[in-house]
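Inspection log for the structure reproduced underneath, given as structure tokens.
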Amino acid sequence: MHAAVAYEGVGYAYPDGDGQPMWAVRGVTLTVACGEWVALVGPNGSGKSTLAKLAAGLLVPTEGKVTVCGIPTDDESRIGELRSRVAVVFQNPDNQLVAPTVEEDVAFGPENLGLAPEEIRRRVDEALRVTGLSALRDAPPHRLSGGQKQRVAIAGALAMHPEVLVLDEATAMLDPQGRREVWATVRRLHRERGMTVLFITHRLEETLAADRVVVVADGRLVASGPPREVYADPGRLEALGLDVPPVVALRERLIRRGLPLSRDVVTRDELVTALWRLWSTA
Amino acid sequence: MEIVVDGLTHVYDVGTPFARPALREVTFHLPAGSFVGIIGATGSGKSTLIQHFNGLLLPTVGEVRVGDVTLRPGSRVPPTLRQRVGLVFQYPEHQLFAETVEEDVAYGPRNFGWPEDLVRQRVREALEAVGLDPDRVARRSPFALSGGEKRRVALAGVLAAQPEVLVLDEPTAGLDPRGRNQLVALIRQLHREEGMTVIWVTHTMEEVAELADRLLVLQEGRLVLEGSPAEVFSRRDVLQQAGVEVPEPAAVAAEVSRFLDPPFAEMPLTVEALAEAIADRFARRRGRR
């Protein structure tokens with residue numbers, strides 16, 4: 001069984017003006033298992049977007065090797081196979097929409113896979129339904145709001161039935177409701193189809209449901225573990241300039257003020273329950 | 001500059017089968033020098049509303065008064081309004097186009113026909129105001145800058161016109177916490193020191209909790225809630241209905257306030273304020289026993 005995404009000693013350098021390599025990431029070794037739900041977090045410029053592009057095969061490593069479902073991303077003869085396995089959605093939907101109508105835009109990827117027309121129709125209908133876009137199928141994408149456009153981009157990715165879905169700040173432009181809808185959709189596909197999800201976010205509260213949180217800073221991995229483990233020591237994340245989830249920040253401030261709270265507490269319900277217990281016995 | 005919105009309805013594509021009302025009978029009043037947060041879900045009419053403030057859109061029904069300018073259906077928009085009300089769109093860095101930062105920032109002021117010396121001076125001041133060193137960046141291509149810096153350049157382009165009202169549509173979208181904090185500090189300073197009226201459109205209420213003296217909540221083109229942040233945050237039912245996320249500290253505060261004694265008289269809006277308020281209740285309880 002192949003890993004969904006495997007980075008082995010990966011470095012990626014952008015050439016700067018003087019032809020000197022500028023390393024965006026370096027020495028990254030990370031394996032994302034099939035069916036895993038992994039959150040990638042880090043400050044701007046930490047290299048997390050580069051890691052997302054490497055996983056999607058949009059960049060090939062300067063050193064080391066990236067494989068997706070066993071396919072090396074630098075193997076040009078297998079690029080079609082790679083594209084059918086991994087889909088990526090970026091933050092800004094304006095750069096990702098190509099067709100005159102929503103429906104055609106969502107069909108663009110599946111058409112390129114050479115699927116039968118009825119299969120394409122089925123996938124497009126499903127992707128539009130789960131992203132709540134069925135009523136807008138004939139609309140021109142440029143007439144939609146930012147959040148709606150982003151859902152079109154996500155629908156296009158879902159219609160590919162990818163084994164690996166890479167979301168690079170893909171919900172940043174959505175409002176809370178839109179964000180919830182998209183996450184519910186992605187979560188369902190993750191659960192039902194075992195779709196691997198690798199997502200980048202600044203909103204650390206979105207990472208609480210992840211199997212694993214990977215923290216990147218200055219192009220290197222600095223922490224990796226289940227959310228509860230990573231958020232037990234939020235000081236390190238704050239030092240990197242990351243906003244820890246509000247409940248974790250609150251927990252730390254209450255501990256500092258002398259309340260004996262467990263560092264296991266990461267959700268609102270857990271915090272409220274812990275405070276209620278303390279209050280009843282205080 | 002004072003803004004009065006009176007019975008504003010805006011319908012897109014009037015007279016076509018695609019006609020859809022984006023704003024419905026919206027009425028409010030923003031005093032000069034205020035800091036206002038406009039909150040609402042996608043499609044609630046936020047972006048439509050703010051485009052009325054500098055005349056990019058005109059009312060279908062009703063009127064909008066910005067300082068001494070009144071905009072009604074079919075009004076002619078005085079060119080100075082665009083200078084007096086600076087609008088910063090979502091992802092403004094996508095609209096950078098010039099070969100150098102200096103030219104990009106100077107674009108607006110040049111279009112107002114200001115003398116070249118004045119334009120240059122304003123460009124320097126605007127770059128300094130957004131925390132960029134003019135000597136370092138003015139001659140560079142805006143595209144060689146980082147995302148956060150590009151956004152500052154775009155903001156400088158609006159500030160160079162020295163607007164009296166600054167309208168920002170989701171100004172922190174996509175910035176990391178550090179970039180966001182810097183931007184918030186910058187806007188706060190412009191508001192406090194220059195007395196600029198600031199209108200901040202967002203769907204993340206946390207970021208305006210500490211800054212805004214007034215919040216407006218839109219739902220499907222209607223103004224459904226208006227008041228101070230504490231007043232607005234305490235109406236969780238209305239916010240939920242409007243598809244607006246209640247800030248996490250306010251949500252925790254509401255739940256713990258049920259058993260804390262005495263309950264919070266005013267809901268703490270930030271993590272810091274909430275921690276202090278909870279610790280205070282525990283200290284009092286221990287003191288009493």
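The values are calculated or read from the model by the stated rules, or taken from the named source; none is laboratory data. Worth saying up front: this structure is predicted, and the values here are computed from it rather than measured. For neighbour counting, all protein chains shown are included, and Cβ atoms are generated from backbone atoms with ideal geometry for every residue, glycine included. Note: areas computed on protein heavy atoms with side chains; ligands, DNA, RNA excluded. Shrake-Rupley method; radii C 1.70, N 1.55, O 1.52, S 1.80 Å.
Can you pull out the residues in the stretch A:173-226 that are among the acidic types (D, E) and either at pLDDT below 85 or under 23 Å from A:C34 (Cα atoms) (or both)?
First pass over the stretch A:173-226, keeping only residues among the acidic types (D, E): A:175, A:181, A:192, A:205-206, A:211, A:218.
Selection gives A:D175, A:E181, A:E192, A:E205, A:E206, A:D211.
Output yes when any residue across the stretch B:147-154 is crowded, with 19+ Cβ neighbours inside 10 Å and of a type in the set (A, V, I, L, M, F, W, C), and no when none is.
The answer is yes, given that some residue of the stretch B:147-154 is crowded, with 19+ Cβ neighbours inside 10 Å and of a type in the set (A, V, I, L, M, F, W, C).
Does B:V201 qualify as being among the β-branched types (V, I, T), over 20 Å from B:A265 (Cα atoms), without any contact (Cβ under 8 Å) to a residue 60 or more places away in the chain and part of a strand (DSSP E or B)?
Details: among the β-branched types (V, I, T): yes; over 20 Å from B:A265 (Cα atoms): yes; without any contact (Cβ under 8 Å) to a residue 60 or more places away in the chain: no; part of a strand (DSSP E or B): yes.
The answer is no for B:V201.
I need the full set of residues from the stretch B:57-94 which are small (G, A, S) and more than 28 Å from A:D175 (Cα to Cα), in order please.
Just the residues of the stretch B:57-94 that are small (G, A, S), to begin with: B:62, B:67, B:74-75, B:86.
Once the filter is applied, which keeps residues that are small (G, A, S) and more than 28 Å from A:D175 (Cα to Cα), the stretch B:57-94 yields B:G62, B:G67, B:G74, B:S75.
Report the residue count in the stretch B:77-86 for those that are touching a strand residue (DSSP E or B) at 6+ places or on another chain (Cβ under 8 Å), open to solvent by 20 Å² or more (accessible area, probe 1.4 Å) and of a type outside the set (K, R). It would help to see each step written out before you state the result.
Start the filter on the stretch B:77-86 by keeping residues that are touching a strand residue (DSSP E or B) at 6+ places or on another chain (Cβ under 8 Å), which leaves B:77-78, B:81, B:84-86.
With open to solvent by 20 Å² or more (accessible area, probe 1.4 Å) added as a condition, the list becomes B:77-78, B:84.
Among the residues that remain, those that are also of a type outside the set (K, R) are: B:77-78.
The total comes to 2.
Starting from residues that are assigned to a loop (DSSP other than H, G, I, E, B) and within 7 Å of another protein chain (Cβ to nearest Cβ), keep the ones in the stretch B:240-259 and report whichever is farthest from A:P260 (Cα to Cα).
Pass one, the stretch B:240-259, residues assigned to a loop (DSSP other than H, G, I, E, B): B:242-247, B:257-259.
From what's left, within 7 Å of another protein chain (Cβ to nearest Cβ): B:243-245, B:259.
On the way: B:G243: 35, B:V244: 33, B:E245: 29, B:F259: 18 Å.
Per the criteria, the residue is B:G243.
Yes or no: the stretch B:226-236 includes at least one residue that is more than 12 Å from chain A (Cβ to nearest Cβ), open to solvent by 30 Å² or more (accessible area, probe 1.4 Å) and among the basic types (K, R). Please lay out each step first, then the result.
Going residue by residue through the stretch B:226-236, those that are more than 12 Å from chain A (Cβ to nearest Cβ) are B:226-236.
Applying the additional criterion that residues be open to solvent by 30 Å² or more (accessible area, probe 1.4 Å) yields B:226, B:228, B:231, B:234-236.
Applying the additional criterion that residues be among the basic types (K, R) yields B:235-236.
Yes, the stretch B:226-236 contains a residue that is more than 12 Å from chain A (Cβ to nearest Cβ), open to solvent by 30 Å² or more (accessible area, probe 1.4 Å) and among the basic types (K, R).
Scan A:E111, A:E81, A:E103 and give me the residue that is among the acidic types (D, E) and touching a Lys or Arg at 6+ places or on another chain (Cβ under 7 Å).
After applying the criteria, what remains is A:E103.
So which of A:R203, A:R188, A:R179, A:R193 ends up being of a type in the set (K, R), under 30 Å from A:L113 (Cα atoms), surrounded by fewer than 23 Cβ atoms within 10 Å (Cβ to Cβ) and within 14 Å of chain B (Cβ to nearest Cβ)?
Working: A:R203 fails: under 30 Å from A:L113 (Cα atoms); A:R188 fails: within 14 Å of chain B (Cβ to nearest Cβ); A:R193 fails: within 14 Å of chain B (Cβ to nearest Cβ).
Every option except A:R179 fails the conditions.
Taking the condition under 19 Å from A:L167 (Cα atoms) and of a type in the set (A, V, I, L, M), does A:A13 pass? Even if it seems obvious, please write down each step before you answer.
On the way: under 19 Å from A:L167 (Cα atoms): no; of a type in the set (A, V, I, L, M): yes.
Criteria not met by A:A13.
In the stretch B:1-40, which residue that is polar (S, T, N, Q) and outside any loop (DSSP other than H, G, I, E, B) is surrounded by the most Cβ atoms within 10 Å (Cβ to Cβ)?
Let us first name the residues in the stretch B:1-40 that are polar (S, T, N, Q), namely B:9, B:16, B:27, B:34.
Then keep just the ones that are outside any loop (DSSP other than H, G, I, E, B); that gives B:9, B:27.
Values: B:T9: 16, B:T27: 12.
Restricting to residues being polar (S, T, N, Q) and outside any loop (DSSP other than H, G, I, E, B), the top hit is B:T9.
Of the numbered conditions (1) part of a helix (DSSP H, G or I); (2) within 14 Å of another protein chain (Cβ to nearest Cβ), B:Q83 fails exactly one; give the number of that condition.
(2)
Can you name every one of the strands (runs of 3 or more DSSP E) wholly within the stretch A:18-136 that holds 2 or more residues which are surrounded by fewer than 18 Cβ atoms within 10 Å (Cβ to Cβ)? Spell out the reasoning first.
Details: elements: A:21-32, A:37-41, A:63-68, A:86-89.
Here the list reads A:21-32, A:63-68.
Give the stretch A:256-282 a look and list any residue that's facing chain B (nearest Cβ under 8 Å) and more than 17 Å from B:A283 (Cα to Cα), or say none.
Once the filter is applied, which keeps residues that are facing chain B (nearest Cβ under 8 Å) and more than 17 Å from B:A283 (Cα to Cα), the stretch A:256-282 yields A:R268, A:L271, A:V272.
From A:D138, A:D168, grab the single residue that is touching a residue at least 40 places away in the same chain (Cβ under 8 Å) and of a type in the set (D, E, K, R).
Numbers: A:D138 fails: touching a residue at least 40 places away in the same chain (Cβ under 8 Å).
Sole residue among the options that is touching a residue at least 40 places away in the same chain (Cβ under 8 Å) and of a type in the set (D, E, K, R): A:D168.
Taking the criterion of being under 26 Å from B:G40 (Cβ atoms), in the same structural domain as A:T31 (by TED's automatic domain parsing), buried (at least 22 other Cβ atoms within 10 Å of the Cβ) and modelled with pLDDT under 90, would at least one residue in the stretch A:155-165 satisfy it? Don't jump to the end; show me each part of the working.
First, pick out the residues of the stretch A:155-165 that are under 26 Å from B:G40 (Cβ atoms): A:155.
Still in the list and also in the same structural domain as A:T31 (by TED's automatic domain parsing): A:155.
After this cut, where a residue has to be buried (at least 22 other Cβ atoms within 10 Å of the Cβ) as well, the list is A:155.
This time we only want the ones that are modelled with pLDDT under 90, so: none.
Scanning the stretch A:155-165 turns up no residue that is under 26 Å from B:G40 (Cβ atoms), in the same structural domain as A:T31 (by TED's automatic domain parsing), buried (at least 22 other Cβ atoms within 10 Å of the Cβ) and modelled with pLDDT under 90.
Can you tell me which residue is surrounded by the fewest Cβ atoms within 10 Å (Cβ to Cβ) among those in the stretch A:231-255 that are more than 8 Å from chain B (Cβ to nearest Cβ) and within 15 Å of B:F282 (Cα to Cα)?
A:I255
Between a residue in the stretch B:31-46 that is within 10 Å of chain A (Cβ to nearest Cβ) and any residue that is of a type in the set (S, T, N, Q) and buried (at least 21 other Cβ atoms within 10 Å of the Cβ), which pairs come within a Cβ distance under 6 Å, given they are 6 or more apart or on different chains?
Note: no pairs meet the criteria.
In the stretch B:125-144, which residues are touching a residue at least 12 places away in the same chain (Cβ under 8 Å), open to solvent by 70 Å² or more (accessible area, probe 1.4 Å) and farther than 19 Å from B:F97 by Cβ?
Selection gives B:E125 alone.
How many residues, within the stretch B:261-289, are among the aliphatic types (A, V, I, L, M) and more than 7 Å from every other protein chain (Cβ to nearest Cβ)? Walk me through it before giving the result.
Quick first cut of the stretch B:261-289, residues among the aliphatic types (A, V, I, L, M) only: B:265, B:267, B:269, B:271, B:273-275, B:277-279, B:283.
Then keep just the ones that are more than 7 Å from every other protein chain (Cβ to nearest Cβ); that gives B:265, B:267, B:269, B:273, B:277, B:283.
The total comes to 6.
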